[in-house]
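Just below is one structure, and these are the notes that go with it.
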Amino acid sequence: GCVLVVSVIEQLAQWHNSTVKAAVERLCNYIPGKYQIRRHMLCCIDREMNADVVCHSLKLCKQDPGQPLCHLYPPPKREKHSPGLFYAVAHAGQECQIISAHSFHICYYDCFCPKIFTAFSSVCAFPLLANLCEKIKYVIRNKLPFEDFDGDKFSTFPTLRGYHWRGRDCNDKNATVYPGRRPDNWDVKSDSNCNGIWGVDPKDGIPYEEKFCKGADSQGVVLLGDSAGAHFHIPPEWMTVTQMSAKSFADLPMAFTDELDWPQFSEITGFLNSTIGGWTDSLYLRLRRRNRCNHRDLQNISQNGMLTAYLSFSLARNQLLDNPAIVIYATIGNDVCNGNRDTLAHMTTPKEMLSNVVQALQYLDSHLPNGSHVILTGLVDGRFLWDNLHDRYHPLGQLNRDITYSQLYSFLDCLQVSPCSGWLTPNETLRNLTSERALQLSNVLKEIARSEKFANFDIFYMDFPLRQTAEEWRKMGGEPWQLIEPVDGFHPSQIAAALGTSITWQKALHEWPQVLGKENPFNDQIEAIFKDQGGH
């Protein structure tokens, strides 16, 4: 965190030909909220030390005994008889410790700011905020809406696991009203399933829900996944000073309260037009176009860092009252990805994978309405990441052409916070072994889909469509690296998500048409009546 902030300040000063103090003021004007940074950091930056030297000299970067000094930038040139980085840090530390630790303001969003500096005191330490913080932690851990007055697991609030993640509630004071349920008495008097279809046609006295949705194979879509499914994204303009402005940070509060995820634009449950590049195309939107009665019936139960072993469920589905659902089970990398030095020893084994997934499917069988479908998605072949990114410049290194993805991966690995030590490494043997384990785990999923039977759903398997996505993008004139998130260099980008939807949909149409349900012949009539009544 320190290295990131100092790098941005240094580059802002360089790009705008200003002092460091002016660069900090500029950053403060960009970012909402206020947090403190010590004045002596400015002293060090004024001396034109790189961010690694500044942060190590201020003792903000922990170094365990026997561990190397982690650095993002190339180390300073060696002094005679002294290693460059060690000497620079020691020299900087002597100078900077002379400066008193008066406060200087820098901007950071209040409650959800990462703990960047040791000088920050946790807001959760305050008695009045302790209960609030605990509730927020509970919400994130259990993937439930923070604001849900009737306890039906749906909300009228967008973030903090609200309707960006699940269909928007249309009555948060009535637990029997929520997206995805079968209509109550054909919704003659009110909209019990929040799909916007209710009331009676005055021409013939038939309820609209009965007229348009009866026998229409209405069903929802549910994603059980990891950070890729949640659609993790850090906007590159947050650290690209040539593109940085106040507008760049307009979504900062929303991003933090959505855990830096953007499920509203995601491959499975996206429903809003993308504001982070590319375009939105999702399984939910296609199911909705196929059958307008499916409106708002979506749930994204994904979490950053989720493994199959910890896939706890907060599924909102009543077997007796609700419509069936298509469940996408997609933990595409975390079972082989970790930041441990002995990464292979910490990967999920095929035996563990079998146990974890069967247990999850048994849970689904006890909660999903009859007639549902489950699609198991195989793991990705992450060698694609190194092959297409390692020698390219990261957004933080584009101004001075001094930080490649290879350097970023090494920095994160040194800090032991790499999202995937097995794939984000120059060690080709390790990359191959990681992909070998991923293939073994995918074969477990494939065998489960072939051999296991469940009472309330049928089950299918599909490979993660990375190769097909890359081929399709090349045909459109794109480059493979554009399919990867530019800041973290790890997750699928918005373009990859949209193209992946198209590939998944085509596979389902040709191989499992029963999964998608039939097309509703009344879609145009529903939209026409809805518009006539002033609906949206």
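I'd like the residue in segment 473-488 that is open to solvent by 10 Å² or more (accessible area, probe 1.4 Å) and part of a helix (DSSP H, G or I) and, out of all such residues, is farthest from Asn334 (Cα to Cα).
This residue is Lys475.
Which of the numbered conditions does Gly277 fail, given that it passes all the others? Conditions: (1) under 30 Å from Gly477 (Cα atoms); (2) modelled with pLDDT of 95 or more.
Gly277 satisfies every listed condition except (2).
With respect to the numbered conditions (1) in contact with a strand residue (DSSP E or B) (Cβ under 8 Å, 6 or more places away or on another chain); (2) of a type in the set (Lys, Arg); (3) farther than 28 Å from Thr349 by Cα, which one is the sole condition not fulfilled by Lys446?
Going through the list (1) in contact with a strand residue (DSSP E or B) (Cβ under 8 Å, 6 or more places away or on another chain); (2) of a type in the set (Lys, Arg); (3) farther than 28 Å from Thr349 by Cα, Lys446 breaks only (3).
Could we say that Tyr108 is open to solvent by less than 50 Å² (accessible area, probe 1.4 Å), in contact with a Lys or Arg (Cβ under 8 Å, 6 or more places away or on another chain) and either assigned to a helix (DSSP H, G or I) or modelled with pLDDT under 65 (or both) here?
Details: open to solvent by less than 50 Å² (accessible area, probe 1.4 Å): yes; in contact with a Lys or Arg (Cβ under 8 Å, 6 or more places away or on another chain): yes; either assigned to a helix (DSSP H, G or I) or modelled with pLDDT under 65 (or both): yes.
Considered against the rule, which asks whether it is open to solvent by less than 50 Å² (accessible area, probe 1.4 Å), in contact with a Lys or Arg (Cβ under 8 Å, 6 or more places away or on another chain) and either assigned to a helix (DSSP H, G or I) or modelled with pLDDT under 65 (or both), Tyr108 comes out as yes.
Which of the residues belonging to segment 409-437 are under 20 Å from Val8 (Cα atoms) and surrounded by 22 or more Cβ atoms within 10 Å (Cβ to Cβ)?
Passing the criteria: only Tyr409.
Return the total of residues in segment 186-244 being part of a helix (DSSP H, G or I), closer than 25 Å to Leu260 by Cα and charged (D, E, K, R).
1
Determine the pairs where a residue that is farther than 22 Å from Val327 by Cα and hydroxyl-bearing (Ser, Thr, Tyr), located within segment 168-183, has a partner that is in a loop (DSSP other than H, G, I, E, B) and modelled with pLDDT of 95 or more with Cβ atoms under 8 Å apart, the partner being 6 or more residues away or on another chain.
Thr176/Asp152; Thr176/Ser192
Could you tell me whether Asp381 is in contact with a strand residue (DSSP E or B) (Cβ under 7 Å, 6 or more places away or on another chain), at pLDDT 95 or above and either among the basic types (Lys, Arg) or open to solvent by 10 Å² or more (accessible area, probe 1.4 Å) (or both)?
The answer is no for Asp381.
Residues are listed down the side, and each one gets a yes or a no for (1) assigned to a loop (DSSP other than H, G, I, E, B); (2) small (Gly, Ala, Ser):
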residue: Gly333; (1), (2): yes, yes
residue: Asn338; (1), (2): yes, no
residue: Asn356; (1), (2): no, no
residue: Gln359; (1), (2): no, no
residue: Gln362; (1), (2): no, no
residue: Phe384; (1), (2): no, no
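Every residue, every condition in (1) crowded, with 21+ Cβ neighbours inside 10 Å; (2) under 25 Å from the mean Cα position of the chain (by Cα); (3) closer than 24 Å to Tyr409 by Cα, yes or no:
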site	(1), (2), (3)
Phe464	yes, yes, yes
Arg467	no, yes, yes
Glu471	no, yes, no
Phe490	yes, yes, yes
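Name the one entry in Gln506, Gln525 that is modelled with pLDDT of 95 or more and open to solvent by 20 Å² or more (accessible area, probe 1.4 Å).
Gln506
The values are calculated or read from the model by the stated rules, or taken from the named source; none is laboratory data. Since the model is a prediction, treat every value here as computed from it, not as a measurement. So basically every Cβ, Gly included, is an ideal-geometry build from the backbone, and we count neighbours across all protein chains shown. Remember, those area values only see protein heavy atoms, side chains included, never the ligands or the DNA or RNA. Shrake-Rupley method; radii C 1.70, N 1.55, O 1.52, S 1.80 Å.
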